[in-house]
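Enquirer: Handing you this structure, nothing more for now.
The values are calculated or read from the model by the stated rules, or taken from the named source; none is laboratory data. Just so it is clear, the structure is predicted and the values come from calculations on it, not from any experiment. Quick reminder, even Gly has a Cβ in these numbers, built from the backbone with ideal geometry, and neighbours come from all protein chains shown. With ligands, DNA and RNA removed, areas are computed over all heavy atoms of the protein, side chains included. Shrake-Rupley method; radii C 1.70, N 1.55, O 1.52, S 1.80 Å.
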Amino acid sequence: MLMKILLVTTTHHQPGNTGLWLDTLAAPYYAFIEAGADVQVASPKGGRVTLDPTAEQHHQLLADQDAIYWLENSLKLSEVSAENYDSIFIAGGRGAMWDLVDNKELNALLQDFNKAHKPIAAVAHGVAGLCCSKDKSGMSLLAGRNVTAISNEEEKGEVPFPLETRLKEIGAVFYKGEKVVSDENIITGRNAEAAVETAEAVIEQLESNYYVHFKI
């Protein structure tokens, strides 16, 4: 089975430490590539991805011309369709707390992935992209779902809202101490150190044809 994965990243930029935390994209990127997947990268604006300057450099990715292409030429979220991918994975970085929250294009994609029971994953601040996703009735994608993310205690930077608090407010069940939490097709990772394990959970679902069993 040839898996096709959509990696979503922030392109938010402002003075300070916002932008993509590179390892939350690089680690899953290589986990998916090693599993034989076709990986593409998308962002709200498309084009060049802004990196958090305080994050550690990922030397393998920065020397990989195929990966660099996607950091320089990310697809626009408005130009991609869930039907062309088997899973969506939202990378982290504080920038996600700005441009992936209440993003209409991302919300539409998430609803389509969820309707098809395809794996939806996010790690660290990338979980913010899930917390504001609602269907037409106003029901949150994460209402009643088990999740993890950066906790209020772990948050060290300036963000527009405390992620743990927001997740609880929308009805998600927050697990502070867990590295990766899976609830059916929703898979979340606590921080950058959980990026590989979060990707591996996605691969496991895809290789078991998890979502195929739910197709109508």
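Enquirer: Explain nothing, just the number: relative contact order of region 19-127, from Cα pairs under 8 Å at least 6 residues apart, as a whole percent.
Expert: 33 percent
Enquirer: Write down the percent of antiparallel bridges among all DSSP beta bridges whose residues are both part of the chain, to the nearest 5.
Expert: 20 percent
Enquirer: For the pair Lys45 and Glu184, what calculated FRET efficiency results from E = 1/(1 + (r/R0)^6), where r is the Cβ-Cβ distance and R0 = 30 Å, to the nearest 0.05?
Expert: Once the sixth-power term is evaluated, E becomes 0.45.
Enquirer: Just how many pairs of Lys in the chain have C-alpha atoms closer than 13 Å, counting pairs that are eight or more places apart or on different chains?
Expert: 11
Enquirer: What net charge do the residues around Ile187 carry, taking every other residue with its C-beta under 15 Å from that of Ile187, with Lys and Arg at +1 and Asp and Glu at -1?
Expert: Working: positive: Lys118, Arg145, Lys179, Arg190; negative: Asp86, Glu178, Asp183, Glu184, Glu197, Glu200, Glu204, Glu207.
Taking every other residue near Ile187 into account, the sum is -4.
Enquirer: Can you give me the distance in nm between label points at Glu154 and Leu2, each placed 7 Å from the Cα along the Cα-to-Cβ direction?
Expert: Between Glu154 and Leu2, the simple spin-label model gives 3.6 nm.
Enquirer: Please report, as a whole percent, how much of the solvent-accessible surface of the chain comes from carbon and sulfur atoms (probe radius 1.4 Å).
Expert: Summing carbon and sulfur atoms, their accessible area is 47 percent of the total for the chain.
Enquirer: Right, something else. Residues of the chain: accessible area per residue at 1.4 Å, in Å²?
Expert: 45 Å²
Enquirer: What number, in percent, do you get for the relative contact order of the chain if the mean sequence gap of Cα pairs under 8 Å and at least 6 apart is divided by its residue count?
Expert: 22 percent
Enquirer: Let me know the charge dipole size of the chain about its Cα centre in debye, to the nearest 20, where only the beta-carbon of Lys, Arg (+1) and Asp, Glu (-1) is charged.
Expert: Dipole about the Cα centre, nearest 20: 680 debye.
Enquirer: Can you figure out the FRET efficiency of Ala108 with Asn209, using R₀ = 25 Å and their beta-carbon distance, to the nearest 0.05? Each step should come with its number before you reach the end.
Expert: On the way: r = 25 Å, r/R0 = 1.00.
Here the calculated transfer efficiency is 0.50.
Enquirer: Using only alpha-carbon positions, what ratio does the radius of gyration of region 64-173 give when scaled by 2.2 N^0.38 Å?
Expert: For region 64-173, the normalised Cα radius of gyration is 1.09.
Enquirer: Using the 2.2 N^0.38 Å rule of thumb for compact globular proteins, work out how region 1-153 stacks up: its C-alpha Rg over that value, please.
Expert: Normalised Cα radius of gyration, region 1-153: 0.98.
Enquirer: Taking amide H positions as placed 1.01 Å from N in the peptide plane, with prolines and chain starts having none, which residues 5 or more places from Ser87, or on another chain, fall under 5 Å of its amide H?
Expert: When sequence neighbours closer than 5 places are left aside, the close amide H contacts are Lys4, Leu6.
Enquirer: Could I ask something else about it? Give me the percent relative contact order of region 67-181, please, defined on Cα pairs under 8 angstrom at least 6 residues apart. Show your work: numbers first, answer last.
Expert: On the way: 162 pairs, mean separation 26.2, N = 115.
Normalised by residue count, the contact order of region 67-181 is 23 percent.
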